[in-house]
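First the structure, in the form of structure tokens, and then the observations on it.
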Amino acid sequence: MSPAQPEALAPAAPFRAARGSIHVAGVAKAYGATTVLTGLDLTVEAGTFVTLLGPSGCGKTTLLRLIAGFIQPSAGKIAIDGRDMAGLPPQRRPIGMVFQNLALFPHFSVEENVAYGLRLRNVPETELRRKVKTFLDLVGLGHLGNRRISQLSGGQKQRVALARSLVLEPSILLLDEPLSALDLQLRKQLQVALKEIQRELGTTFVFVTHDQEEATLMSDRIVVMSAGAIQQYDTPPAIYSQPANLFVAKFVGELNEIPGRIAAVTAGTIEIDGPGGRHALPASGLRGFSPAAGASCVIGLRPERIAILPPDADAGGRIALPGTVIERIALGPVLRFILRCGEQRLVAVRLASDGAALPEAGSTCRIAFDPADAQVFEPLAAPAAASFGEKP
Amino acid sequence: MTETQPASPAKALLLLPVLVLLGLFFVSVFQLFSNGFADADGWSLRYFRQILNRSDYQVIFARTILSSLTVALLSVALSYPIALLLWRLERWRNTLLIVVLVPWLVSLVVRTYGWLVLLGPKGVINGMLAWTGIVHQPLALMFNDLGIVIGLTHVLIPFAVISILSSLLAIESNLEEASGVLGASRFQTFRRIVLPLSLPGAFTALIVIFLASIGAIVTPIVLGGMSHQFVGSQIYQEVMYTFNLNKAAAWSICLLAISFLSLLLLKAIERRLIGTLE
């Protein structure tokens, strides 16, 4: 199905291409003395699945509610479809919203929930019936139209909430942690279903979650937020492999943090004093800061980038440190190793299929990594997030 | 905790208060019925005939039912906006709720006599109306059905406020936001979402107040005067002044029957009404 344009939202051609785009410029939000958002800039391309990801209190829900129009920004502008949304209430914005608690109307049937927005728009009965059916089929509930809301399972309620919003064919669908109340199995099913529906309709989805795995699985692009600011806005692979700073690296995926001190900075290389002596790392591993000699830093290593070798093996040009295997845990397709290297505790992940060549728990080993895989971060400042609240 | 616990004599003791209450209830109802149907030589419908055949008594029945219905409708209509206000003013809700309930701190009799002061021919309201020149003859605000309705509505309104407020509070917090995003104006949201979802509370209030009003005694006696009796106040008179316990019992059985039938009727209407709104 193609996302047909409601007449009211089909202006001149140049705007048409931008239907579903969001432009956030310098948006800040404060409640009294409490700053919740600090001047955000964000451009969402039409038709993308964007996730606002961050810990609770980072301002992601506030940003969503600003886009929805439930609250107005203290500063800055928000444009949807190229139109400035300043002062417009939610009902005058081309948006749909799926709430965390779904907010289905308990006194209506499934069909009437989906039909609600169409009835408000005085859509003729035959067209209304057709649309309701189309969208109930889309979410896989075509056979349950006459059910009462109380007779549905959690997953079915999700689908009703989705259909109720999508039937109005909004430019943008905002989803406020709609899957957080579901059990893992159902959650995974619905993540896939949501992504498929988004791809089929081409509607822009803005999805809020604190679950980095969910964000990585579903999104075209992720906005990583913390302390009321956007830390990084990129595709999931880019965020994983090129995190903008230590916060992002820690929040998305697992990270081994090795404290170090910068000894010298030369063109193309940084020398760092860390466990096992001085190591030269390529400057391409620097993440978002320009180090000076003597500054403390954090060397970040993803668990799958750490190799575990027998004690006498040749490291083959890699940096290698002596260590001990503390634990070896089989997790289906992968093996998870807890290692110790001096005082440093490290996590390594290897493929289970390579398990025969890998040491058992308790044995000594060499811990090796390619200098190109090491990322160098500025240490996190003392929790700056303390002054930021979720909502008053 | 297991589902089946061994029965112990100590636990059986817990049933005792319930049994005592049930026993008293059935004994008194039995007493009531035996009094109502009694006669010098066995059973008869004598007292019922005495009541139902007299036209002045039929007026009392009609007054009781119609006034109670008016009181119930008026209470719900007046308290709906109050409940809505309490629902909206989250910060002031508890304080305002106390204000709504304060009349209950004063005895019913005292409050009803208070209305005499307000409603009498030389009372506060007529005094003000005469002083402003709106009326020249004092309005008859009491010793009639109007007085009874005013008094009972005042007494019973808090029930309606609480009942409606509780059904408003049961509405999920962001249904209104959801309705707004889907394009509804504030009025449409009220009419299609808030009102239907609060209707069960309003209807419960209607039923409770109707039943409470239909059995009223004090208010009709004080504000209705001698000429405007309710069934309840008539029973009171039969017991306290004419000492005709058999007739009082017959009255009571009639009242019980009316209450019971109205309850069934109102419940049927409720099902129908709330059914159609969905």
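The values are calculated or read from the model by the stated rules, or taken from the named source; none is laboratory data. Just so we're clear, the structure is a prediction, and the values are computed from it rather than from any experiment. With ideal geometry, Cβ positions are generated from the backbone for all residues, glycine too; neighbour counts draw on all protein chains shown.
On the stretch given as segment A:63-97, residues that are touching a Phe, Trp or Tyr at 6+ places or on another chain (Cβ under 9 Å) and free of Cβ contacts under 8 Å to residues at least 60 places away in the same chain total 3.
Consider segment B:46-93 and keep the residues that are surrounded by fewer than 12 Cβ atoms within 10 Å (Cβ to Cβ) and among the hydrophobic types (A, V, I, L, M, F, W, C). The one that is farthest from residue B:176 (Cα to Cα) is B:62.
Just one of (1) closer than 29 Å to residue B:203 by Cα; (2) surrounded by fewer than 14 Cβ atoms within 10 Å (Cβ to Cβ) fails for residue B:111. It is (2). Restricting attention to segment A:134-143 and to residues that are part of a helix (DSSP H, G or I) and within 32 Å of the chain's Cα centre (by Cα), the residue that is nearest to the other protein chains (Cβ to nearest Cβ) turns out to be A:135. If we keep just the residues of segment B:160-187 that are touching a Pro at 6+ places or on another chain (Cβ under 6 Å) and not aliphatic (A, V, I, L, M), which is nearest to residue A:114 (Cα to Cα)? Out of the qualifying residues, it is B:180. Only one entry of B:264, B:255, B:245 meets the criterion of being under 15 Å from the mean Cα position of the chain (by Cα) and either in contact (Cβ under 8 Å) with a residue 40 or more places away in the chain or more than 14 Å from chain A (Cβ to nearest Cβ) (or both), and that entry is B:255. In segment B:252-275, the count of residues that are under 18 Å from residue B:61 (Cβ atoms), of a type in the set (D, E, K, R) and out of contact with any His (no Cβ under 9 Å at 6 or more places or on another chain) is zero.
Screening the candidates B:189, B:204 for the property of being over 29 Å from residue B:54 (Cβ atoms), within 14 Å of another protein chain (Cβ to nearest Cβ) and out of contact with any strand residue (DSSP E or B) (no Cβ under 6 Å at 6 or more places or on another chain) yields one hit, B:189.
Filtering segment A:67-83 to residues that are within 12 Å of another protein chain (Cβ to nearest Cβ) and either surrounded by 19 or more Cβ atoms within 10 Å (Cβ to Cβ) or in contact with a Pro (Cβ under 8 Å, 6 or more places away or on another chain) (or both) leaves A:67, A:68, A:69, A:70. Residue check: residue A:81 meets all listed conditions (1) modelled with pLDDT under 95; (2) within 30 Å of residue A:155 (Cβ to Cβ) but one, namely (2).
Flag: residue A:46 matches the condition of being more than 14 Å from chain B (Cβ to nearest Cβ), among the small types (Gly, Ala, Ser), buried (at least 16 other Cβ atoms within 10 Å of the Cβ) and more than 16 Å from the chain's Cα centre (by Cα). From the set of residues in segment A:84-123 that are more than 8 Å from chain B (Cβ to nearest Cβ), within 29 Å of the chain's Cα centre (by Cα) and outside any loop (DSSP other than H, G, I, E, B), which is farthest from residue A:146 (Cα to Cα)? The extreme case among them is A:84. In segment B:139-170, of all residues being surrounded by fewer than 17 Cβ atoms within 10 Å (Cβ to Cβ) and under 30 Å from residue A:168 (Cβ atoms), the one that is nearest to the other protein chains (Cβ to nearest Cβ) corresponds to B:170.
Those strands (runs of 3 or more DSSP E) of segment A:255-338 in which 1 or more residues are more than 15 Å from residue A:374 (Cα to Cα) occupy A:256-266, A:277-282, A:296-301, A:307-309, A:319-331.
Among the residues of segment B:229-249, those identified as part of a helix (DSSP H, G or I) and more than 21 Å from residue B:210 (Cα to Cα) are B:237, B:238, B:239, B:240, B:245, B:246, B:247, B:248, B:249. Within segment A:209-244, being farther than 20 Å from residue A:174 by Cβ and of a type in the set (D, E, K, R) holds for A:213, A:234. Within segment B:70-92, the set of residues being in a helix (DSSP H, G or I) and free of Cβ contacts under 8 Å to residues at least 60 places away in the same chain comprises B:77, B:81, B:85, B:88, B:90, B:91, B:92.
Among the residues of segment B:211-228, those that are in a helix (DSSP H, G or I) and either of a type outside the set (A, V, I, L, M, F, W, C) or touching a strand residue (DSSP E or B) at 6+ places or on another chain (Cβ under 7 Å) (or both) comprise B:213, B:219, B:220, B:224.
Scanning segment B:28-61 for residues that are aliphatic (A, V, I, L, M) and under 26 Å from the mean Cα position of the chain (by Cα) gives B:29, B:32, B:51, B:52, B:59, B:60. Residue B:133 falls short on exactly one of the conditions (1) farther than 28 Å from residue B:103 by Cβ; (2) buried (at least 19 other Cβ atoms within 10 Å of the Cβ); (3) among the small types (Gly, Ala, Ser), and that condition is (2).
One residue stands out in segment A:339-352 among those that are assigned to a strand (DSSP E or B) and of a type outside the set (D, E, K, R): the one that is surrounded by the fewest Cβ atoms within 10 Å (Cβ to Cβ), namely A:351.
For the condition within 14 Å of chain A (Cβ to nearest Cβ), at pLDDT 90 or above, under 27 Å from residue B:89 (Cα atoms) and not in a helix (DSSP H, G or I), residue B:184 qualifies.
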